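Undergrad: There's a structure below that I have some questions on.
The values are calculated or read from the model by the stated rules, or taken from the named source; none is laboratory data. This structure is a prediction, so every number in the text was calculated from the model and none was measured. We place every Cβ from the backbone using ideal geometry, glycine too, and count neighbours over all the protein chains shown. Keep in mind that these areas ignore ligands, DNA and RNA; they rest on the heavy atoms of the full protein, side chains included. Shrake-Rupley method; radii C 1.70, N 1.55, O 1.52, S 1.80 Å.
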Amino acid sequence: MLPAALPAFAFVDLETTGTHAAGDRITEIGIVRVDVVDGAPQVREWSSLVDPEVPIPPAIQALTGITDAMVRGAPCFGHLSADVASLLEGCVFAAHNARFDYGFLKHAFARAGRAFTARVLCTVRLSRRLYPDAQGHGLDAVIARHALDPGARHRALGDARAIWQFVQRLYDAHPRSVVDEAIKRLMRIPSLPAQLPPDALDALPEGPGVYLFYGDNPLPLYIGKSVNLRERVGAHFSSDWRSETDLRLSREIRRIEHEETAGELGALLREAILIKARLPAHNRALRRKEEAGVLTFAEDGAPRYTPAAAIDALDLPGAYGPFASRAAMRACLRERAADHRLCWRRLGLERRPQGPCFARQLRRCEGVCVGAEEPAVHDGRRDAALEPLRIPPWPAHGPAIVREAAPSGDRVDAHVIDRWCWLGTARDDGELAALLDAPPRPTFDLDVTRLLLRRHASRQLALAVPDRALA
Ligand SMILES: [Zn+2]
């Protein structure tokens, strides 16, 4: 009797003056609201004619039987909007061709000065999913196929009753799990792998943190992070199309662990540490990260790519990047070279030792490679062209603190950062003092440095210089 994981359902049908939600008007509303209480459906029916405040086209009057004379004196939508909103409150909005009814109501609510959103279930799509071979999924076809008896057709309440009856017939005709699954998939509600407890998602907070998926083995299968743990974990199991990794995770997962963090930065840092320490089988990101690096140029103009493991954080400010890989760096250089008529050979983009470079042959290099431009001039233009990629100077004399407060306000993490690298995170003054007294050597992590630089660029990184009184 309707999926237990969902709130109440409102089966809705509207009669209108036409088919354009933005321009046409509602003439009648029918709602069958179904709340499931202790496993039994409690059904409440409501309907009203609505004065559209415009004439109803004769063809529509003939189809619905709703005439100008009938709606004269009926309330306009503005007068009904509060009642309709409270009837639909907290419900899944279910309708036959739901986009139509939902669009009309949304516009009508908007004109009445109310915002309206709901989770939507389209019963045409539900019919198609469960009866893919059936001829026709319009309401007449569905009523005939399932021998429904809704009373007045083409009147709002009759049609709303018909779709409620249709859903009941589905549960009579199929195993409950089949109908539940079809509804959940149409609504993109995560359906968890059967090995997990059904409330596994409810146990997760809707805040930032890291999550660990385990199979039978004590080592995790997968580690991830999110600013909304419940939503992110659900997303692994919800979409119609799942990645190879998600399919494998669905088969192998046995339990989920999570750790909350104060914010996004904390989650990212914790994920990076956990992945390095626990080496989960399905995290591909780790290997990729080893290819990350930064670019510098020697005095003689020679480019040098330094991979992540060899990066000394002290040298990070002033270098270019960070890049995800040497290939990403080269692609970026080629683009800048084309825009600024730089030399492919001098940028290290080609190996041939002499003659005009590839760009020169295409007349896209000013010609430092053939003596047509002074090297110092080329390198000056190069520095200007690459300036947007330059890692900015570190704005403190040593380590600085980024405080991150949980949305709930019940914890504040203090991340200690030096030269765009992370040194550690303190949960209280004692831990912070210990970290600042004996700071570890900063180590480079692509994602951490990128997040810090992105926040710095958008002025969202509040760096505090340590208060030595703490130490
Ligand atoms: Zn050249």
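Undergrad: Of these, ALA359, ALA384, which one is open to solvent by less than 80 Å² (accessible area, probe 1.4 Å) and more than 16 Å from the ligand (Cβ to nearest atom)?
TA: Values: ALA359 fails: more than 16 Å from the ligand (Cβ to nearest atom).
Just one listed residue meets the conditions, ALA384.
Undergrad: Kindly provide the set of residues from the range 392-403 that are at pLDDT 90 or above and open to solvent by less than 60 Å² (accessible area, probe 1.4 Å), ordered by number.
TA: Across the range 392-403, the qualifying residues are PRO392, TRP394, PRO399, ALA400, ILE401, VAL402.
Undergrad: In the range 373-383, what residues are more than 29 Å from PRO442 (Cα to Cα) and outside any loop (DSSP other than H, G, I, E, B)?
TA: Here is the first cut: in the range 373-383, the residues more than 29 Å from PRO442 (Cα to Cα) are 373-382.
PRO375, ALA376, VAL377, HIS378, ASP379, GLY380, ARG381, ARG382 - these are the residues of the range 373-383 that are more than 29 Å from PRO442 (Cα to Cα) and outside any loop (DSSP other than H, G, I, E, B).
Undergrad: Among the residues of the range 309-321, is any away from the ligand (no atom under 16 Å from the Cβ), at pLDDT 95 or above and either in a helix (DSSP H, G or I) or of a type in the set (Phe, Trp, Tyr) (or both)? Walk me through it before giving the result.
TA: From the range 309-321, those away from the ligand (no atom under 16 Å from the Cβ) are 309-321; that's our starting set.
From the residues that got through so far, the ones that are at pLDDT 95 or above too are 319-320.
Next cut, either in a helix (DSSP H, G or I) or of a type in the set (Phe, Trp, Tyr) (or both) only: 320.
So far as the range 309-321 goes, yes, one or more of its residues are away from the ligand (no atom under 16 Å from the Cβ), at pLDDT 95 or above and either in a helix (DSSP H, G or I) or of a type in the set (Phe, Trp, Tyr) (or both).
Undergrad: Looking at the range 128-146, I want the residues that are under 13 Å from VAL167 (Cα atoms) and have a partner that is open to solvent by less than 30 Å² (accessible area, probe 1.4 Å) and of a type in the set (Val, Ile, Thr) with Cβ atoms under 6 Å, at least 6 apart or on another chain. Which pairs are those?
TA: Partner pairs satisfying both residue conditions: none exist.
Undergrad: Right, ALA372: over 17 Å from ARG454 (Cα atoms), more than 12 Å from the ligand (Cβ to nearest atom) and either open to solvent by 20 Å² or more (accessible area, probe 1.4 Å) or at pLDDT below 95 (or both) or not? Explain how you work it out, then say what you get.
TA: On the way: over 17 Å from ARG454 (Cα atoms): yes; more than 12 Å from the ligand (Cβ to nearest atom): no; either open to solvent by 20 Å² or more (accessible area, probe 1.4 Å) or at pLDDT below 95 (or both): yes.
Here the answer is no, as ALA372 does not meet what is asked.
Undergrad: Could you say which residue among ARG345, ARG351, ARG330 is out of contact with any strand residue (DSSP E or B) (no Cβ under 6 Å at 6 or more places or on another chain), within 30 Å of LYS289 (Cα to Cα), within 16 Å of the ligand (Cβ to nearest atom) and part of a helix (DSSP H, G or I)? Full working, then the answer.
TA: On the way: ARG345 fails: part of a helix (DSSP H, G or I); ARG351 fails: part of a helix (DSSP H, G or I).
Answer to the selection: ARG330.
Here is a yes/no grid of residues against (1) open to solvent by less than 20 Å² (accessible area, probe 1.4 Å); (2) part of a strand (DSSP E or B); (3) small (Gly, Ala, Ser); (4) at pLDDT below 90:
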{"residue": "GLY23", "(1), (2), (3), (4)": "no, no, yes, yes"}
{"residue": "ILE29", "(1), (2), (3), (4)": "yes, yes, no, no"}
{"residue": "PRO41", "(1), (2), (3), (4)": "no, yes, no, yes"}
{"residue": "ALA69", "(1), (2), (3), (4)": "no, no, yes, no"}
{"residue": "PRO75", "(1), (2), (3), (4)": "no, no, no, no"}
{"residue": "LEU80", "(1), (2), (3), (4)": "yes, no, no, no"}
{"residue": "ALA85", "(1), (2), (3), (4)": "no, no, yes, no"}
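Listed here are the residues, each with its yes/no results for (1) touching a residue at least 40 places away in the same chain (Cβ under 8 Å); (2) crowded, with 21+ Cβ neighbours inside 10 Å; (3) not in a helix (DSSP H, G or I).
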| residue | (1), (2), (3) |
| --- | --- |
| ALA414 | no, yes, yes |
| ILE417 | yes, yes, yes |
| THR425 | yes, yes, yes |
| GLY430 | no, no, no |
| LEU435 | no, yes, no |
| PRO439 | yes, no, yes |
| THR449 | yes, yes, no |
